[in-house]
Amino acid sequence: MTDLDLCYMPASEALRLFKAKKLSPVELMQATIRRAEATKPTINCLTFTHFDEAMDLARKAEGKYARGARTGRSRGCRSASRTRATSRTSRPRTARCCPGMPSVAIRRR
């Protein structure tokens, strides 16, 4: 599969492939990061990136699928919409309060 195939794959299909061990969350995250980096000069839509954190989480999810452990409903799937406005770290995150409105950068107090 190409990076575009992976990036536009529905989450339900990605989860099915994770469980069948035909795709790993790490492969999916790598494709997503490559796509984000390739389109950044043109689109410039990412205020902050936390690719290292995303890869760490993908590796943890991959380990769970490899062991056959029970996983959450969307464990290992990437989604900018799941980026939380609050975090345990002091790093700024992107929050979207209303569909169609521009994202804003906020910092946790």
Give me the one-decimal nm value for the distance between modelled label points at Ala20 and Arg34, 7 Å along each residue's Cα-to-Cβ direction. 2.1
Spatially proximal lysines relative to Lys40 (Cα-Cα < 28 Å; intrachain offsets below 8 disregarded): Lys60
Accessible-area order (highest first, 1.4 angstrom probe) of the listed residues Ile33, Ile43: Ile43, Ile33
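For the stretch 2-63, what relative contact order do you get, as a whole percent, if you take Cα pairs closer than 8 Å and at least 6 residues apart?
Values: 33 pairs, mean separation 24.9, N = 62.
Answer for the stretch 2-63 is 40 percent.
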When the solvent-accessible surface of protein heavy atoms is calculated with a 1.4 angstrom probe, in what order do Arg34, Arg67 fall, highest first? Arg67, Arg34
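The values are calculated or read from the model by the stated rules, or taken from the named source; none is laboratory data. Source: prediction; values computed, not measured. Positions of Cβ are backbone-derived with ideal geometry, glycine not excepted, and every protein chain shown enters the neighbour counts. Each accessible area value is taken on the protein alone, full model and side chains, heavy atoms only, with ligands, DNA and RNA left out. Shrake-Rupley method; radii C 1.70, N 1.55, O 1.52, S 1.80 Å.
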